[in-house]
């Protein structure tokens, strides 16, 4: 029997990020439908990220000297990091959690990275605007974004010299999935996308003189198709709604598909491609709250960071420290590994990332030493930014690396301060752990918990529970 609190937490973890324990108390008497309606109401508006600023004149970059280009690239890199930190902070603090969570999903689905921070910012805004809107609008907007056109080489897609990369990935990864089109379909789709460009301001541009205007056959339809026609035909195919629904189901419900439910959802979705309507149906369906769907997903690195911070606000001494954590755990915002995005699931975990995950609460709350390096570029700025000063060359004089931070326990402690000591473990465990049958033993965990004051009891117990494998699940 799944408790009402577990159901509420399940909804909040999947449709957003876990709320504070004090906020959870205010929702205790609300129905699932009322909470879902509030999530939608809080996510009506879309506020774009701004850290990257305005796009520079791209034509001017070509005229820069070598030194000027170096400075320009360094500026772009800093703007990219600022953009990542701004988005992470949004997820930690916003009331619009549903829109942010959906944007995070689409960020992994339409995986893209650009050396131009403004392109990343623009694409993120397009996904945020359409995150709960119509998939047709989202697909068209993303496909015409400078970030995606550049990333998938469509600038090199020209009449008589088609580049198939863009057309292939649109079908394989963004819409239909493998096995639902032929190599000939790819070739003809690529011809239809010829001439899709962007200007020096990053605005979509159709270069008619580069477009192949001859007849094309695509998915058994023949005509003088352009790129918009190809997207429209793709959306007519049941394979598209099947593919998108199953990816949404794996991300928000369970990696083990229920084929009957997915088939029903796909039929509904193809009627209007209304993302918001589909997600509301999922989050208010009784089967979504079946025990088999609760506590079964491994939190992504970003989800782990955000969930921890929304429970107990943390302000790092070095504002860039979260980038180091993202890199160690294998999910850096705006930097997916490839166009397929992050695999997720069990791929989030290996021996080093699991140890870091389990140690993260101790690094932050107890200021334990950090002796784990980032997976990539261990000697770059992200590896050094945890410390407040450069380390001396003499190893004996080096100070331990720490994730220095100010932790605001006030609201968190107040939510549990009136709980009796003998009920404290079960109460905090119910809030932090979603798995139905945790493997840790209560008595064993309590041996390492400080009990000199009520406050220290709450802090150390919370840190101990957050350091369990079960806390990695949602």
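The values are calculated or read from the model by the stated rules, or taken from the named source; none is laboratory data. Predicted model only: the values in this text are computed from it and were never measured. A quick note on method: Cβ atoms are made from the backbone with ideal geometry, for glycine too, and the neighbour counts reach across all protein chains shown.
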Item to check | Residue tally, condition closer than 13 Å to residue 188 by Cα and free of Cβ contacts under 8 Å to residues at least 24 places away in the same chain, over the stretch 214-238 | outcome: 8
Checklist entry - Restricting to helices (runs of 4 or more DSSP H) lying wholly in the stretch 357-474: which have 3 or more residues that are modelled with pLDDT of 95 or more and either closer than 30 Å to residue 293 by Cβ or outside the structural domain of residue 309 (by TED's automatic domain parsing) (or both)? => result 410-416, 421-432, 454-466
Next on the checklist: Condition check: touching a strand residue (DSSP E or B) at 6+ places or on another chain (Cβ under 8 Å), within 25 Å of residue 266 (Cβ to Cβ) and surrounded by fewer than 22 Cβ atoms within 10 Å (Cβ to Cβ). Does residue 180 satisfy that?
Outcome noted: no
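Looking at the structure I just gave you, is residue 321 touching a helix residue (DSSP H, G or I) at 6+ places or on another chain (Cβ under 8 Å) and surrounded by 19 or more Cβ atoms within 10 Å (Cβ to Cβ)? Steps first, answer last, please.
Details: touching a helix residue (DSSP H, G or I) at 6+ places or on another chain (Cβ under 8 Å): no; surrounded by 19 or more Cβ atoms within 10 Å (Cβ to Cβ): yes.
Considered against the rule, which asks whether it is touching a helix residue (DSSP H, G or I) at 6+ places or on another chain (Cβ under 8 Å) and surrounded by 19 or more Cβ atoms within 10 Å (Cβ to Cβ), residue 321 comes out as no.
Rundown of residues vs (1) in a loop (DSSP other than H, G, I, E, B); (2) farther than 24 Å from residue 201 by Cβ; (3) without any contact (Cβ under 8 Å) to a residue 60 or more places away in the chain, yes/no style:
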site	(1), (2), (3)
50	yes, no, no
60	no, no, yes
63	yes, no, yes
69	no, no, yes
77	no, no, yes
82	no, no, yes
88	no, yes, no
95	yes, yes, yes
99	no, yes, yes
Checklist outcome for this item: The number of residues in the stretch 187-218 that are surrounded by 13 or more Cβ atoms within 10 Å (Cβ to Cβ) and either farther than 29 Å from residue 121 by Cα or touching a strand residue (DSSP E or B) at 6+ places or on another chain (Cβ under 8 Å) (or both) is 20
